[in-house]
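> Take this structure, written in structure tokens, and hold onto it; I'll ask about it next.
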Amino acid sequence: MPPFPLIKMAFLLLFSLCLTLILGFGLPEALNFIVKCCGFAEASVTHCIVLVYFIFVFFVAMPSIPRGSVKTEGKAVLITGCDSGFGFALAKHLHALGFTVFAGCLLKDKSGTGACDLESMNSERMKVVQVDVCSEDEVNQALQFVRENLKDAEKGLWALVNNAGVSTFGEVEFTSMETYKQVADVNLWGTIRVTKACLPLIRRAKGRVVNIASMYGRMGNALRSPYCVSKYGVEAFSDCLRYEMRPWGVKVITVEPGNFIVATGILTRDIVLATADKLWNAAPSIVQEDYGRAHFERRISVVKSYCNSGQKDMTPVLHDIADAVTSNYPFTRYNPMEVYWWIRMQAMTHLPAAISDRIYF
């Protein structure tokens, strides 16, 4: 991320200090007043505050409570987007845990590097399948391949991990409707398309659907509207599906990774430069005139600064997805991200927009 402006940093520190003082002094006094009006002893308020504080510390400081794990033997998982990034690493990780993995790759038929690497494992439990999540035909063919290669089709498919996705950037007025459609077709419609095809097999196994969304499915950001729109859709779809699948015993989990640009290589300087040229050349003349090339270049410089940002290690994401697939009681949402992004996401989803906008924009 770009350097945090000093004025915003000062504002954030001031806000944190004021919040601490209000919670530390103002809240107890207000509660004491209410308690007095109700005829209770003031001491009970202090005890309650201390108890809540200790519960909070216990919740934050304690490691995750063991929730049991399913037996992986004989269970199969379908993962989309295994050519690179999270999907490629996850296919190997779940295979190492003992699952039979159906690794969906966009470039299998073109001998893509990721597909070839997975096939070179020469394992009966690693099956690479061609699938373009934007193609109804390829999704159906992939599903047929899964059915034919399940050891016991009657037991169904234990888990589907909807990982396939694309990313892009650009201000709204520079972004074409075609770009919005292309990003949504992969990130949102691809997720829905594959899920609908696999649900009968997953219901049979009373398994689970794991959808890879993003922190940008919970909060927006400048220059990222196509991506945010698609990931917000994934979040909504996951929630609706979770309610509908509950009677069937199927769990629907959403994973919301933070900034892993460096780890996945999803955004490089070459990609930024090539995309920037297309954005500028395709923009209407009135947009070019109003914004100006200098403003446009400043925005592109911000995006360039993202290319070397984020966590380099994918382990937090792989751990959370694996927990979603293997745990007897998986969480509804997982947030593998740095502390900064976690705090920002909580602030932007819980504070009034007028306050969070002032802090971050």
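The values are calculated or read from the model by the stated rules, or taken from the named source; none is laboratory data. What you see is a predicted model; the values in this text were computed from it and never measured. Every residue, glycine among them, receives a Cβ derived from its backbone with ideal geometry; neighbour counts consider all protein chains shown. The accessibility values were calculated without ligands, DNA or RNA, using every heavy atom of the protein model including side chains. Shrake-Rupley method; radii C 1.70, N 1.55, O 1.52, S 1.80 Å.
> Go through (1) outside any helix (DSSP H, G or I); (2) in contact with a strand residue (DSSP E or B) (Cβ under 7 Å, 6 or more places away or on another chain); (3) open to solvent by 20 Å² or more (accessible area, probe 1.4 Å) and name the single condition residue 145 misses.
Looking at each condition in turn, residue 145 falls short on (1).
> Which one is most open to solvent (accessible area, probe 1.4 Å) among residues in the stretch 67-86 that are hydroxyl-bearing (Ser, Thr, Tyr) and over 27 Å from residue 311 (Cα atoms)?
So, considering only residues that are hydroxyl-bearing (Ser, Thr, Tyr) and over 27 Å from residue 311 (Cα atoms), the one most open to solvent (accessible area, probe 1.4 Å) is 69.
> Give just the number: which of (1) at pLDDT 75 or above; (2) crowded, with 17+ Cβ neighbours inside 10 Å; (3) touching a helix residue (DSSP H, G or I) at 6+ places or on another chain (Cβ under 7 Å) does residue 97 not satisfy?
(2)
> Among 184, 213, 222, 197, which is in contact (Cβ under 8 Å) with a residue 24 or more places away in the chain, among the hydrophobic types (A, V, I, L, M, F, W, C) and under 20 Å from residue 146 (Cβ atoms)?
Unique residue meeting the criteria: 197.
> Which residues, counting only those in the stretch 72-106, are hydrophobic (A, V, I, L, M, F, W, C), assigned to a loop (DSSP other than H, G, I, E, B) and touching a strand residue (DSSP E or B) at 6+ places or on another chain (Cβ under 7 Å)?
82, 99
> Out of (1) at pLDDT 95 or above; (2) in a helix (DSSP H, G or I); (3) open to solvent by 30 Å² or more (accessible area, probe 1.4 Å); (4) of a type outside the set (Phe, Trp, Tyr), the odd one out for residue 154 is which?
Every condition holds for residue 154 apart from (1).
> Among the residues of the stretch 313-348, how many are part of a helix (DSSP H, G or I), hydroxyl-bearing (Ser, Thr, Tyr) and modelled with pLDDT of 95 or more?
2
> Please verify whether the stretch 242-257 includes one or more residues that are open to solvent by 40 Å² or more (accessible area, probe 1.4 Å) and more than 26 Å from residue 201 (Cα to Cα).
Scanning the stretch 242-257, I find no residue that is open to solvent by 40 Å² or more (accessible area, probe 1.4 Å) and more than 26 Å from residue 201 (Cα to Cα), so the answer is no.
> If residue 171 passes every condition in (1) among the acidic types (Asp, Glu); (2) in contact (Cβ under 8 Å) with a residue 24 or more places away in the chain; (3) open to solvent by 50 Å² or more (accessible area, probe 1.4 Å) but one, which one does it miss?
Only one criterion is unmet by residue 171, namely (3).
To keep it simple, each residue is scored yes or no on (1) open to solvent by less than 70 Å² (accessible area, probe 1.4 Å); (2) farther than 22 Å from residue 206 by Cβ; (3) at pLDDT 65 or above.
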{"position": "37", "(1), (2), (3)": "no, yes, yes"}
{"position": "53", "(1), (2), (3)": "no, yes, no"}
{"position": "88", "(1), (2), (3)": "yes, yes, yes"}
{"position": "105", "(1), (2), (3)": "yes, yes, yes"}
{"position": "116", "(1), (2), (3)": "yes, yes, yes"}
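> Tell me, which residue of the stretch 285-312 that is modelled with pLDDT under 95 and not in a helix (DSSP H, G or I) is surrounded by the fewest Cβ atoms within 10 Å (Cβ to Cβ)?
Per the stated criteria, the residue is 312.
> Only one of (1) open to solvent by less than 50 Å² (accessible area, probe 1.4 Å); (2) without any contact (Cβ under 8 Å) to a residue 24 or more places away in the chain; (3) of a type in the set (D, E, K, R) fails for residue 270. Which number is that?
Against the list (1) open to solvent by less than 50 Å² (accessible area, probe 1.4 Å); (2) without any contact (Cβ under 8 Å) to a residue 24 or more places away in the chain; (3) of a type in the set (D, E, K, R), residue 270 comes up short only on (1).
> Same structure, new question: Please give the number of the condition residue 121 fails out of (1) more than 26 Å from the chain's Cα centre (by Cα); (2) open to solvent by 30 Å² or more (accessible area, probe 1.4 Å); (3) at pLDDT below 95.
Here residue 121 clears every test but (3).
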